[in-house]
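Bear in mind that the values in this text are calculations on the coordinates, not laboratory data. What you see is a predicted model; the values in this text were computed from it and never measured. We place every Cβ from the backbone using ideal geometry, glycine too, and count neighbours over all the protein chains shown.
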Amino acid sequence: MGDAVPLALAFALPTAAVFLVMPRYIEFLRKKGRTTSDAHKGKDVRVPTPAGPLLIAALVVGEVVAWAFYNSVVPLVLIVVILSCGLIGLYDDLRGLGGVVKPALLALVGVFVVVAEHYNPAVYDPTVYFPLLTKTGTHFIIFGLIVIASIPVASNAFNMLDAFNGEISGFTAIVSGALVVAVLLRSYAIGQTTAATLAVALPLLGVSLGFYYFNRFPSKVFDGDSGSLTFGATFVILSIVCGVEIAALVALIPAVLNSYYILSSVRGLVERKQMAARPTYVGEDGRLHASREARAPTTLARMILLREPLGEKSLVGAILTISAYAGILSVITSVITWLL
């Protein structure tokens, strides 16, 4: 009962910050001329962007709550990750970063996390728990390299899944919900009070749910790279500090496959605006169609549309349904890992 208040605050305050501040922030972006064309509408619709700075601030609020109540170093590490990746994404929103520079900068954030673990072993446990198997041994160097690589991989996977109204916010809410379930099951299995761990995981769920309200079809605001990169980095580092890496990886299957299809089809790290052709287009019927151009990148959306054209809302619904299946598989993975 003593943990109910801090856990409630860690979830409610970031969520409330998004709900209460976002309408004014949207108006601020519009007055400053910070809008972009919603490419999947049949007419020129301008949408304010980026919402990333507000989302970053809300996540930081949640982690500050976790730190204030539990005095753990983990929320402080997460705050640095959130702010660092957020600034990288914001620079990309405003000025633009190359397809190689951005992952390199994100990898440096991973280096910070490894250094933090080196000087304070309470940041994460350099072992992995596998379903139906025991955990691995402690491998600081190997695990550290995985941590460093995980941030650019996960961040760009989230970024590549940020193409349609409500897609990134809905996906993040689904996978962060699966992450919270994994943390709860792990807590139950090891028989220890891990409210501090749960407190650092709840802000991402709250912020993504709050953002979905404004980002769903038809979107009132876009997150920009500052939002999607931060969501990806926060999620993957949460999975590491919470010790639920395998369950998190299962939840990320749609995003990982989507990014793999894109990178393999364009043969390298290429910015979205530099791609030779778009994977989808709006037809005369107002629906989204899969591109037939050979140069167009292969994406999850394009593969879904190969079956039949869909409206944007229906397409995102199909993507989020696939994501929900992955979330269910993630929960099943957690059950197998911690309860069997």
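Pairs of alpha carbons in segment 188-239 separated by more than 18 Å make up 44% of all such pairs.
Calculate, for residue 24 and residue 314, the FRET efficiency according to 1/(1 + (r/R0)^6) with r their C-beta to C-beta distance and R0 41 Å; round to the nearest 0.05. Intermediate results must be reported in sequence, preceding the final value.
Values: r = 32 Å, r/R0 = 0.77.
Computed FRET efficiency for residue 24 and residue 314: 0.85.
Pairing the Cα long axis of helix 73-94 with the longest principal axis of the chain, what angle in degrees results, from 0 to 90 and rounded to the nearest 10? Taking Cα atoms only, the helix is inclined about 20 degrees. Could you tell me which of rounded, prolate or oblate describes segment 49-95, using a ≥ b ≥ c as the square roots of the eigenvalues of the alpha-carbon gyration tensor, with rounded for a/c under 1.5 and, failing that, prolate when a/b is larger than b/c and oblate otherwise? Oblate shape, in that a/c is at least 1.5 and b/c is the bigger or equal ratio. With viscosity 1.002 mPa s and temperature 20 °C, the Kirkwood radius over alpha carbon pairs of the chain converts through Stokes-Einstein to a diffusion coefficient of 106 µm²/s.
Only the Cβ atoms of Lys and Arg (+1) and of Asp and Glu (-1) were treated as charged; on that basis the dipole of segment 1-99 about its Cα centre amounts to roughly 560 debye. When you count the other C-beta atoms within 10 angstrom of each residue and take the mean per peptide, 108-119, 215-226, 152-163, 85-96 line up highest first as 152-163, 215-226, 85-96, 108-119.
Using the Karplus relation 6.51 cos²θ - 1.76 cosθ + 1.60 with θ = phi - 60°, the per-residue 3J(HN,Hα) values for segment 140-151 come to 4, 5, 4, 5, x, 5, 5, 4, 4, 6, 5, 5 Hz, with x marking Gly and Pro. Using 0.36 nm per residue and subtracting the Cα-Cα separation, the extra length available between residue 339 and residue 5 on full extension is 117.5 nm. Entry note: segment 142-225 has Rg to Rh equal to 1.05, where both radii use alpha-carbon atoms and Rh is the Kirkwood radius.
Using a simple spin-label model with pseudo-atoms 7 Å out from Cα toward Cβ, residue 108 and residue 141 lie 2.5 nm apart. Relative to the longest principal axis of the Cα atoms of the chain, helix 101-119 runs at roughly 10 degrees.
Provide the packing ranking of 45-51, 28-34, 320-326, 240-246, i.e. peptides ordered by the mean count of other C-beta atoms within 10 Å per residue, highest first. It would help to have the intermediate numbers written out before the result.
Working: 45-51: 20.7, 28-34: 13.0, 320-326: 17.9, 240-246: 23.3.
Sorting 45-51, 28-34, 320-326, 240-246 by mean packing, highest first, produces 240-246, 45-51, 320-326, 28-34.
Taking a sphere under 12 Å around the Cβ of residue 237 and counting the other residues whose Cβ falls inside, with K and R at +1 and D and E at -1, yields a net charge of -3. Starting from the amide H of residue 280, placed 1.01 Å from N in the peptide plane, find each other amide H under 5 Å away whose residue is 5 or more places distant or on another chain. Excluding prolines and chain starts, which carry no amide H, the hits are 291. Could you give the distance between the Cα centres of segment 161-197 and segment 204-230, to the whole Å? Centre-to-centre (Cα) distance: 16 Å. Charges were assigned to the Cβ only: +1 to each Lys and Arg, -1 to each Asp and Glu. The resulting dipole of the chain about its Cα centre is roughly 800 debye.
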